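The values are calculated or read from the model by the stated rules, or taken from the named source; none is laboratory data. Nothing here was measured: the structure is a model prediction, and the numbers come from that model. Every residue, glycine among them, receives a Cβ derived from its backbone with ideal geometry; neighbour counts consider all protein chains shown. Just the protein is used for accessible areas: all its heavy atoms, side chains included, with ligands, DNA and RNA removed. Shrake-Rupley method; radii C 1.70, N 1.55, O 1.52, S 1.80 Å.
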Amino acid sequence: MTTAMLAPTYINPAYLSEALKVHGHGVLSSSGVGSFVGRPLSELESLKADWDDLPLDNFLRDGGRYRRRRHSSFVVEGESVRQVPHRAHYQPLEYNALHGGMLRMFEPIAENTVAQPVWQELLRAIGRVCSAVKGERPWYVEAHQFRIDTSNGIGRPTPEGAHRDGVDFVAILLVARENIRGGESRIFEFNGRHGQRFTLSEPWTLLLLDDQRVIHESTPIQPTAEGGHRDTLVLTFRSGGFLEPA
């Protein structure tokens with residue numbers, strides 16, 4: 001028996017900052033992302049092959065081998081996008097009970113990827129929305145390329161469970177979804193009882209979250225055929241600096 005997937009409610013990109021202020025999140029369709037970034041979707045599609053070359057994540061404390069990733073860091077200030085020297089990813093235990101407290105050094109995102117105009121415009125466009133909601137300021141951005149695969153059975157996009165990331169905003173772009181079921185996005189009020197759930201199924205759809213107002217998770221995925229995987233690009237935007245050990 002197949003389970004119907006709930007589709008998200010897409011909004012006009014012009015209302016994304018308002019949706020964040022009112023609801024704490026907003027979702028753009030792939031066509032909406034194209035107009036939001038101001039570049040053809042074909043330019044985003046040209047990045048897709050990078051997800052076939054992600055190293056294994058060797059830091060999973062559940063012993064899994066289902067996650068591959070790369071990570072790089074940037075500062076977005078107005079129209080300026082600057083990559084910073086390669087650094088470790090860090091989250092305190094307060095925000096990640098499973099993997100918090102560790103300095104996790106991943107391989108950087110490919111130089112050719114971050115040099116693409118569409119990459120630069122994507123970071124600028126999200127930075128503008130963040131500033132529209134919380135005021136103009138430099139944004140410290142961590143970019144994560146993820147592949148969750150099902151070669152060994154179940155893959156877990158968020159093994160830490162429902163969580164916040166300790167930043168201001170989290171952007172999740174679905175890059176690909178192949179031969180899987182599951183992977184439902186779930187969003188809950190941080191200080192409330194209301195929540196939403198839906199499944200991102202269309203490549204290059206964008207979910208943008210106010211990390212200080214909502215918690216989020218993605219449910220495990222299971223294969224429906226050989227080669228099942230889910231690829232995402234996760235971008236976190238934080239004011240005041242990167243998360244670092246105290």
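Computed from the C-beta positions of A97 and T224, the FRET efficiency with R₀ = 22 Å rounds to 0.10. Between F59 and A14, the C-beta separation translates, for a Förster distance of 35 Å, into a calculated FRET efficiency of about 0.35. For the chain, the relative contact order is 26 percent, taking Cα pairs closer than 8 Å that sit 6 or more residues apart in sequence and dividing their mean separation by the residue count.
The shape of segment 49-142 can be summarised by an equivalent ellipsoid whose semi-axes, obtained from the alpha carbon gyration tensor, come to 26, 18, 11 Å from longest to shortest. Sorting the segments 52-65, 111-124 by their residues' average number of neighbouring beta-carbon atoms within 10 angstrom, most packed first, yields 111-124, 52-65.
Might you tell me the accessible area per residue for segment 31-160, computed with a 1.4 Å probe and given in Å²? Averaged over the residues of segment 31-160, the accessible area is 45 Å². The equivalent ellipsoid of segment 99-234 has semi-axes of 25, 20, 15 Å, largest first, where each one is the square root of 5 times an eigenvalue of the Cα gyration tensor. Counting pairs of alpha carbon atoms under 8 Å apart in space and at least six apart in sequence, what relative contact order in percent does segment 44-183 give? Taking the mean separation of contacting Cα pairs over the length of segment 44-183, I get 32 percent. Using a Gaussian network model of the chain in which every pair of alpha carbons under 10 angstrom is joined by a spring, one finds that among I126, I221, I11 the greatest mean-square fluctuation is at I11. What the pair-distance distribution of segment 99-161 shows, using all Cα-Cα distances binned every 10 Å from zero, is 15, 33, 36, 14, 2 percent. Shown here are the Rg and Dmax of the Cα trace of segment 8-89, at 16.8, 43 Å.
Against the set (1) -0.31; (2) -0.36; (3) -0.27, the structure's computed log10 I(q)/I(0) by the Debye sum over Cα atoms at q = 0.08 Å⁻¹ falls on (3). Which value, in nm² and rounded to one decimal, describes the direction-averaged projected area of the C-alpha convex hull of segment 163-224? With the hull built on Cα positions only, its mean projection is 4.3 nm².
When the trypsin sites (Lys or Arg not before Pro) in segment 177-221 are filtered for DSSP coil states and for at most 13 other beta-carbon atoms within 10 Å of their beta-carbon, the remaining sites are R193. Averaged over residues, the count of other Cβ atoms within 10 Å places the peptides 198-209, 31-42 in the sequence 198-209, 31-42, highest first.
With just the Cα atoms defining each centre, how far is segment 29-73 from segment 187-246? Give it in Å. Using only Cα atoms, the two centres lie 13 Å from each other.
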